[in-house]
Structures are given as C-alpha cells and as structure tokens.
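The values are calculated or read from the model by the stated rules, or taken from the named source; none is laboratory data. Model, not experiment: these values are computed from the prediction. Methodologically, a virtual Cβ is constructed for each residue, glycine included, from the backbone with ideal geometry; neighbour enumeration extends over all protein chains shown. Side chains included, ligands, DNA and RNA excluded: accessible areas come from the protein's heavy atoms. Shrake-Rupley method; radii C 1.70, N 1.55, O 1.52, S 1.80 Å.
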Amino acid sequence: MKVKNHLPIEKIEPPFWYVGMHNPEVQILFYGKNISQFYVATSLPNIITNVKKTNNPNYLFVTIDVKKDFAHEIIFMFKRNNKVAFTQKYQLKQRRENSAIRSSFDSSDTFYLVMPDRFANGNRNNTNDKCTNEKYNRELPGGRHGGDIEGVIQHLDYIQSLGMTTLWSTPLCEDNDTIYSYHGYGQSDVYKIDPRFGTNEDYVRLSSELHKRNMKLVIDYVTNHWGIEHWMYKDQPTPDWFNLFENFTQTNHKRSTLSDTHASQYDKDICLKGWFAHAMPDLNIKNPLVLQYLTQNAIWWMEYANLDGIRVDTYNYAEPECMVKWVKAILAEYPNLNIVGEITQRNQALLSYWQKDSPIGKIKNFNSELPSIMDFALGDALQIAFNEEESEWGLGMTRIYDNFSNDFLYPNTNNLIIFAENHDSKRLNEVYGNDIRKYKMAMTVLATVRGIPQLYYGSEIGMAGNQYEGDAAIRQDFPGGWEGDTNNAFTKKGRTEGQNEYFDFTAKLFHWRKNKTVIHSGKMTHYIPDNNVYVFFRYNEKETIMVLLNNMPDPQTIKTKRYKENIASFRKGTDVILKQSFDIRTEITLEAKSVLILELE
C-alpha cells in the first residue's frame, strides 16, 4: 500500500489483514525514510509480539497477534523521546464465511491458460500508465500489446463455452521492466496489479465473475525471484534478502542436483541461488523475513481475491525445505486448497520426487507437501508422438504408452496437471503443421487419461507459432481481442471454417469430460500399441470408456478379441463426438490418423 501523506511511512505491507486466521500473527512491513528510529506501540495493548529492525534504517518489521475475534481499525503509534511523533491506521478485516474450508481445483476440472496481454484489450484507457516504464506497442512482437483483465472478463463466456472450468492467468502484478514486461514474471510490486492490466479491484471482479459461472481462478505465484525493478531490490531490506554474487551468476537449471545423491554442494548452490535471468534477482527464502513475506503475500491474495488455487512458477528453483514451510503455512489456512508446482523436468522419477508423499522423495527422507505437479514428461510425448508414423519400438504411440507405464512412481496421478503445450513450449499446432487430425489425437489423450487437463489459449482455434522466432511467436495475440481485428475467433460467425473445426471438436470433447466421473477418478487399463494403434480403457463400477488412436497414415482394422478383459459382455460403443455406434464384438475399423472415444453399452 502506497501511503500518500507527509508522514515518514511510504509503504505498508500487507496493506491490511484478516482476523480468524489459523496463524494469529501477521508480520507488517513499514517502509519509509529512517522509520527504524521510532519506537512502535498500538492502540490495543499487548498485541505486538516482535519488532525487527534491519541494517537498513528504512524498514521496520512489526509482528502483531490478532487471534482475538475483532475486526476493526487499530492505531500504530510511532514514538520518539517518549512522545508520539505520528500515528498510522491499520485495518483488520473479517474473513469471508467458510473461507478456510473453500474447495479448490481437482481432476474434474480443466484449466484454460491465458497470457492477458495477448488475449484481449477490454479497456483501451489503460494500455499505458505514467508510472510504468514500457509503453504500448503492438507492432513490437515482444512489446506490450494492451490485453488486460477487462478483456478476459469480457470473454469468460467464450472460455466457458469450451468446457473449461478453471482459469489460470500468467502473473498480473506490476512488472515494471523496461522491456518484455508483458509476461509478468519479473514483478516489481507483489501487492499491486499492473495498471496496464487494471486494478486490484478488477482482479477481485474477475474472480467474482468466474464464480458466478461456477468457474475457478488460479493465481500464478512466483517464490523464486522478483524483477530487477522491484522497489525492494532498489533499497534492499537486508544484505541477504536476495542471493547476490560478485559477478552475475545464472542458475545452472540443473534441478536434478537437489535429489542427486552424488551432486556437489557447489552445483546445488548455483542451481538454487543463481538468478533465473539478468532481470530477475533471486530471492533468498532461507531468510525468515523473506519467507514470511512471501507466505503472507500469497495468503493475502487468496483471501482478498477469493481465489481457488495456486500455480507456483519455477517451484524447485527455490530452497526445498523453505518451500515445504511455505506450502504448509498456506495449507494450514486453507486445508482443501490445491497447489501445483511447475517442475520442468522430464523424468518421471524426478517429477514424482516433488509431489506430496512421493515414494521417491521418501528415499531421501524428503516430503515436499506439494499436492500437485505439472506433468512435463507427458507434455513432451504429446509434442512428438503424432509425427512418428513408424511402428518401431519406442516411437509413436509407444511413447504415450511408456509414459503411463511409469505412473507407479507418482503418489497421486489424478492430481497431475497434464498438457500438450504452454506459454514456454513449442506450440502444438506448429509442431503438427496444423494437421487437425494430430491435434484431435493429442486433445483426446488429454481429455481421457488421468490428471487435470490444461489448454493453452488459442490451441482451440488452431493457433500456431514458431518458437525459434522467439517467445512472442508462441504468445501471439488472440484474433478478435483488439478493435479492428478482421478475424474475431471469439464468435462462431467470426471464426474461419478451419477455426470452427478446431473449436467445435475441442468444445464437444471437454464439455463431455466435465461430467464424466469415470474419467476424473476411474481406473485405467492400456494395451501395448500394435502397428501404432493405441487402445486403453477408463472404467469404474458404473461405466466403461474405450479409447482408440490410430497414428498411421492409413486406415486400420483391429480385432477386438485382444481387449476382451475390458470389453467383457459389452456389444457396442457410441462415439462421444459424432454419436456413431460401433459393433465392438469382433473388429473395429479406424480411419487414418483418427480417434474414437466409445461409451460402451
């Protein structure tokens, strides 16, 4: 909170707090010129439990105990020479009813990932702001293009029409970098929505509008780093608030060192303490003040915006034991909350290590307490398999099969976020040359296997983009999101015939999935691919689904006797997309590069 008065206080964070939290204490940061010279008292006796001064006189960290059931203003009194020099009001608010027991995302959900700057410009009055460095320039591929929160709100009906239930937006807090600020991962103020996206109140309104539609909002949170323009980097609270080096040192990105029994301490330290990029100072969460700050900030946004979950960026670039504390502190306030970590590793054992109760982590006496992780191993397979038409061992459909054969490594496969692409990967439709048949196969896998699917904006209309042309190529503007766009892909009438083919398939598929408990939590049996045909079943006591994928360029007829243990006494199956019935007792013919999702009867 920016304080605009003549008093020495320039910032107060958190700007307000809530009573009734599991942890009754809150650490309040007061920032201002030589603020530490003052003695602090409050209008309520005995609620200050700690006052922490640092070597920087511009900071005071004051911890208060708010366990008593009151919600009103308190007055901080700043004294010098036994006299009150000035006072500062601080608001303690009441939590929403049942806030602590809120539900979260789970395997019945499907994520829609948007980069707001590239999605839609709903408010042309906020494309520039006098307080931010980078200005609007849609002609610059890596520039600010003007998309905002209002643009997302205006198109929530579109997102819902796809069968999506949960919105994941890349970070929306202020990123005041001079270039490439649009992605939001180099944040300069983590209590303030970037004014080019809107206001804090707009973010709360986004959450509210989603909830009206029975949809959910997940915040993209960064614990590993801030941006080099962050106000605390410019006036550092302590010498060890950030991990600093004599010369710029970048992380080695080798996160396997954290579980490697042979790794050197030097390599581990560079992995954890090295900067992600030149403009992203690495936070030292081993400093208790930093860890508490980040913990409270995440909880504040959860409570303030009434959020439904957290996605944590670059999760295992930060000190593991400290991240355990961070996760546990948040789950103590919201026991049902789901938190997913970005673990950009491709080996299932290394991925499993980071999920709560992992059998791999147990080997090293480590439990992350992190409920969910992102399944990058499957994501990689989905970007390769459908271009491989050879039936050789290990290629094509065998890649997908082999991925699931390693599921025994995970403690909870239903709570993996699964995807075929995201904002950091190659675009799926680019990889597959806009061959919609291959797109349909990839989406079919996402919609029918274990886990929580995530769709990246624009996939559903065939958007592509060559990663080798830079990040901007895989983060292009959604057509129709800007005034003057000749192609408005947000409407059926505005979409091209090809875009509608992509959209219609995607919407049918994920609307079908929304109500299928057999997909959300059912068991899976799969069969070794034969001639690049992959067949698997999802089933529970009430229902059986048969999924068939033909990855060959020619039609194939498969004999169904091999699948008798799952087909059992079923006689026919109805395709969920075209509603066509198939006799499954002896054989099924699959078109070239095609899928069938059959509800067995």
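Residues that are in contact with a Gly (Cβ under 9 Å, 6 or more places away or on another chain) and aliphatic (A, V, I, L, M) were ranked within the stretch 311-346; the one that is surrounded by the fewest Cβ atoms within 10 Å (Cβ to Cβ) is LEU337.
When you check LEU351 against the structure, is it surrounded by 24 or more Cβ atoms within 10 Å (Cβ to Cβ), in contact with a helix residue (DSSP H, G or I) (Cβ under 8 Å, 6 or more places away or on another chain), closer than 30 Å to ASP554 by Cα and not β-branched (Val, Ile, Thr), yes or no? Considered against the rule, which asks whether it is surrounded by 24 or more Cβ atoms within 10 Å (Cβ to Cβ), in contact with a helix residue (DSSP H, G or I) (Cβ under 8 Å, 6 or more places away or on another chain), closer than 30 Å to ASP554 by Cα and not β-branched (Val, Ile, Thr), LEU351 comes out as no. For the stretch 566-580, indicate whether the set of residues that are out of contact with any Gly (no Cβ under 7 Å at 6 or more places or on another chain) and in a helix (DSSP H, G or I) is non-empty. Yes, some residue in the stretch 566-580 is out of contact with any Gly (no Cβ under 7 Å at 6 or more places or on another chain) and in a helix (DSSP H, G or I). Checking VAL518, VAL535 one by one, the residue that is modelled with pLDDT of 95 or more and either over 30 Å from LEU600 (Cα atoms) or out of contact with any Asp or Glu (no Cβ under 8 Å at 6 or more places or on another chain) (or both) is VAL535 and no other.
Pairing residues of the stretch 47-58 that are open to solvent by 60 Å² or more (accessible area, probe 1.4 Å) with residues that are part of a loop (DSSP other than H, G, I, E, B), at Cβ distances under 7 Å and at least 6 apart in sequence or on separate chains, gives ASN55/THR238; ASN55/PRO239.
Considering the stretch 38-64, the residues that are of a type outside the set (A, V, I, L, M, F, W, C) and modelled with pLDDT under 95 include one that is nearest to LYS192 (Cα to Cα), namely THR42.
Restrict the check to the stretch 288-304 and report whether at least one residue is outside any helix (DSSP H, G or I) and open to solvent by less than 10 Å² (accessible area, probe 1.4 Å). No, the stretch 288-304 contains no residue that is outside any helix (DSSP H, G or I) and open to solvent by less than 10 Å² (accessible area, probe 1.4 Å). Condition check: exposed (fewer than 15 other Cβ atoms within 10 Å of the Cβ), touching a Pro at 6+ places or on another chain (Cβ under 9 Å) and free of Cβ contacts under 8 Å to residues at least 60 places away in the same chain. Does LYS67 satisfy that? Yes. Taking (1) touching a Gly at 6+ places or on another chain (Cβ under 9 Å); (2) part of a loop (DSSP other than H, G, I, E, B); (3) closer than 30 Å to THR413 by Cα; (4) free of Cβ contacts under 8 Å to residues at least 60 places away in the same chain in turn, MET546 satisfies each apart from (2). In the stretch 397-421, the residues that are under 22 Å from MET552 (Cα atoms) form Cβ pairs under 9 Å with partners that are basic (Lys, Arg), at six or more places apart or across chains, as follows: PHE404/ARG450.
Within the stretch 73-95, restricting attention to residues that are among the polar types (S, T, N, Q) and open to solvent by less than 80 Å² (accessible area, probe 1.4 Å), the residue that is nearest to MET21 (Cα to Cα) is GLN91.
When the helices (runs of 4 or more DSSP H) confined to the stretch 357-426 are screened for residues that are out of contact with any Phe, Trp or Tyr (no Cβ under 8 Å at 6 or more places or on another chain) and crowded, with 18+ Cβ neighbours inside 10 Å, those reaching at least 2 such residues are found at 376-382, 397-405.
Within the stretch 334-353, the presence of at least one residue that is under 16 Å from the mean Cα position of the chain (by Cα), outside any strand (DSSP E or B) and of a type in the set (D, E, K, R) is confirmed. Of all residues in the stretch 547-599, those satisfying the criterion of being in contact with a helix residue (DSSP H, G or I) (Cβ under 7 Å, 6 or more places away or on another chain) and crowded, with 18+ Cβ neighbours inside 10 Å are VAL547, LEU549, ASN551, THR560, VAL576, ILE584, LYS593, SER594, VAL595, ILE597.
For first residues located in the stretch 445-471 and closer than 14 Å to ARG513 by Cα, partners that are hydroxyl-bearing (Ser, Thr, Tyr) and open to solvent by less than 10 Å² (accessible area, probe 1.4 Å) and lie 6+ apart or on another chain with Cβ distances below 6 Å form the pairs PRO453/THR110; LEU455/TYR112. Number of residues in the stretch 472-493 that are free of Cβ contacts under 8 Å to residues at least 12 places away in the same chain and charged (D, E, K, R) equals 3.
Residues that are in a loop (DSSP other than H, G, I, E, B) and within 23 Å of HIS423 (Cα to Cα) were ranked within the stretch 118-137; the one that is most open to solvent (accessible area, probe 1.4 Å) is LYS135.
Looking across the stretch 154-195, the residues that are closer than 20 Å to ASP477 by Cα, open to solvent by less than 20 Å² (accessible area, probe 1.4 Å) and β-branched (Val, Ile, Thr) come down to ILE159, THR170.
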